[in-house]
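**Q** If you scroll down you'll find the structure; I have some questions about it.
The values are calculated or read from the model by the stated rules, or taken from the named source; none is laboratory data. What you are looking at is a predicted structure, and each value in this text was computed from that prediction instead of being measured. Cβ coordinates were reconstructed from backbone atoms using ideal geometry, including for glycine residues, and neighbour counts include every protein chain displayed. Heavy atoms of the whole protein, side chains included, go into the accessibility calculation; ligands, DNA and RNA do not. Shrake-Rupley method; radii C 1.70, N 1.55, O 1.52, S 1.80 Å.
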Amino acid sequence: TSLPDLGGSGDTVFFLASEMKPQAPSNLLVDGLTPLSDSGKKALLDWVKRCRKFVQWNRVFSYGGTDLIIYRQGVARPGEPNKPGNGNLVGATECEPLYVAAIAVHTDAVDTRIAFAEPIGSGRITPSEFFSAYDPIALINGGFFSGPRPLGTMLLDGVHAGKPIVGRSAIGWNNSDGTFSFGRGNAKIGAKTKRGYVEFTKFNVPPPPDEAALYTPDVARSSIGIGLDSLQIVLVNDVVAEVREAREGKFLMPEGGTMMIARGKARAMFDPVQPGEKIKVLTDWENGSFGASTNLIQAGPMLIRENKFTTDTETFKDDVLEKRHPRTIVGTDGKRMIWAVVDGRSAIHSRGATISETRWIAKSLGLTTAINMDGGGSSQIMWRGVMMNLPADGKERPLPYAVMMLPKGMKLVRANSYLNGPDQGEFGEYGYNASEEGVAEYMDTYDPMSTKN
């Protein structure tokens, strides 16, 4: 009931048959479910043979400042080998099964926001649970993650929530003016104190000796697990709200606040610090255009840049690049921000795509600049309360966060508070009491496309 009526005054199957290429024979469409004549049977079989070699269907539906784009090609090919290539899958002769669902966002009418699971920073929930909690127009998965935390640079309404991964591409946007940017997500993030500059080396995880970390309430609201020599500083609007020693207990940050945790040499740059003082978090972006962004997600690799295919693998391994997987894409056609999912890992429904094939899919969607996001079982897209793709896991995969499309100016407020998700605490997917070295190793070797994840 949430979707437009495809069939109109007839059977949906016949409606689709009249719109697909090659179109069904006219006598089949007119006769409908009545018994076929001999000539009708021949026409049906000839049509099925043509469809075996090439068949495609696509349509666009619009609602609330968004355009839902659906593309379907190919027929089921169970038992046939999946042979990844580097060419254009879309509309190719002897086309293989492929399904793409995309949402084009008109930024003058829609805000795109990042929402984390509840309770904050302690679990993951399914897209349907996200939808129930926030009631957006649409949602999609975003960048890579580990447990409840994002991997790579992230901005949540101007607040940093993730550690930059050198060389990886990112998308940044600003809902107030509808602008968006693409480029390297590299950045140096720190705080200016009375004694000098302190760089944050960790985000939402405890810092090692002599270093500092930045915590954001949407990702990790408490300071559990930090070293007893840590100094905890809560900021609200760049003003110190509270200062506490780690041995005095952990903080539970207020909404709209951030927390800095410093140890050893980094701590010495803050001491002494008192409530009421101003401390500014500073960001030095490699890509200056991100300075105007209030929201940002780092993922990669870049697929298209200014209408040209890119070749930089951005340190991703061949298993991610050269094998066919479900994919999530974000890009622009010059006017709209477009988010898309390519289904995969099914010889019946959709084969998936290599990174090279994903570039062609992005180009077929009209994107002039695009980057690859998290894929595999994480690739999921919903529109008006309906899951518009078939997740590769065979069910919805719980996510730590989702990218929401909301009516312009609508606040990101949970409609309920019953969502708990898997209870992963501070352990995430790192393992029980994993060391910082273990976390770093996991982040460097994480394969977002693996069917084991």
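**Q** DSSP beta bridges in the chain, what fraction antiparallel, as a percent rounded to 5? Numbers along the way, then the final one.
**A** Working: 100 of 103 bridges.
The antiparallel fraction comes to roughly 95 percent.
**Q** How large is the accessible surface per residue of the range 20-78, computed with a 1.4 Å probe and reported in Å² as a whole number?
**A** Roughly 59 Å² per residue, with all protein chains present.
**Q** From the phi of every residue in the range 240-256, what ³J(HN,Hα) in whole Hz does the Karplus formula 6.51 cos²θ - 1.76 cosθ + 1.60 yield, where θ is phi - 60° and glycine or proline is x?
**A** 5, 9, 7, 10, 8, 6, 4, 5, 7, x, 8, 8, 10, 5, x, 4, x
**Q** In nm, give the distance between the simple-model label positions of ASP393 and LEU44, each being 7 Å from the Cα along the Cα-to-Cβ direction.
**A** Going from the ASP393 label point to the LEU44 one covers 4.1 nm.
**Q** Ok, one more. Would you kindly state how much longer the chain becomes between LYS408 and VAL239 on full extension, computed as 0.36 nm times their sequence separation minus their alpha carbon distance, in nm to one decimal?
**A** Working: separation 169, 0.36 × 169 = 60.84 nm, distance 2.97 nm.
So the chain would gain 57.9 nm between LYS408 and VAL239.
**Q** OK, next. Got a number for carbon plus sulfur as a percent of the range 184-291's accessible area, 1.4 Å probe?
**A** Reported share for carbon and sulfur atoms: 50 percent.
**Q** Using a 1.4 Å probe on the protein chains only, how many percent of the accessible area of the range 21-71 belongs to carbon and sulfur? Let's see the in-between values first.
**A** On the way: 1930 of 3190 Å².
Percent of accessible area from carbon and sulfur atoms in the range 21-71: 60.
**Q** Note down the relative contact order for the chain as a percent, whole number, built from C-alpha pairs under 8 angstrom at least six residues apart.
**A** Averaging sequence separation for qualifying contacts and normalising by length gives 23 percent for the chain.
**Q** Report the gain in length on full extension from ILE224 to ARG59: 0.36 nm times residue separation, minus Cα-Cα distance, nm rounded to one decimal.
**A** Full extension from ILE224 to ARG59 adds 54.4 nm.
**Q** Separate question: Given labels modelled 7 Å from the Cα in the Cβ direction, how far is it in nm from SER176 to LYS194?
**A** Using points 7 Å along Cα→Cβ, the separation is 3.1 nm.
**Q** Pairs of alpha-carbon atoms within less than 8 angstrom and 6+ residues apart define the contacts here; what relative contact order does the range 287-395 have, in percent?
**A** Numbers: 197 pairs, mean separation 33.9, N = 109.
Value for the range 287-395: 31 percent.
**Q** OK, next. Hey, what's the range 155-257 come to in accessible area per residue, 1.4 Å probe, Å²? Before the final figure, lay out the partial values.
**A** Working: 4190 Å² over 103 residues.
About 41 Å² of surface per residue is accessible.
**Q** Still on this structure: Keeping all protein chains in the complex and leaving out DNA, RNA and ligands, what accessible area do you get for ARG113 with a 1.4 Å probe, in Å² to the nearest 10?
**A** 40 Å²
**Q** Round to the nearest 0.05 the FRET efficiency obtained for PHE309 and THR93 when R0 = 35 Å and r is the Cβ-Cβ distance.
**A** 0.95
**Q** Continuing with the same structure: Quick check: at a probe of 1.4 Å, how many percent of the accessible area of the range 112-168 sits on carbon and sulfur atoms? The partial results should precede the final answer.
**A** Values: 640 of 1240 Å².
Looking at the range 112-168 in its full context, I get 51 percent from C and S.
**Q** For the chain, with the dipole built from +1 on Lys and Arg beta-carbon atoms and -1 on Asp and Glu ones, taken about the Cα centre, which of MET20, ASN174, PRO407 lies farthest toward the positive end?
**A** It is MET20.
**Q** To continue, here is another question. From the square roots a ≥ b ≥ c of the eigenvalues of the alpha-carbon gyration tensor of the range 286-419, which class results: rounded (a/c under 1.5), prolate (a/b over b/c), or oblate? Write down the numbers at each step before the final one.
**A** Working: a/c = 1.73, a/b = 1.11, b/c = 1.56.
It comes out oblate by the Cα gyration axes.
**Q** Can you list the residues, at least 5 places off or on another chain, whose amide H is less than 5 Å from the amide H of ALA299, using H built in the peptide plane?
**A** The list, which skips near neighbours in sequence, is SER169, ALA170, ILE171.
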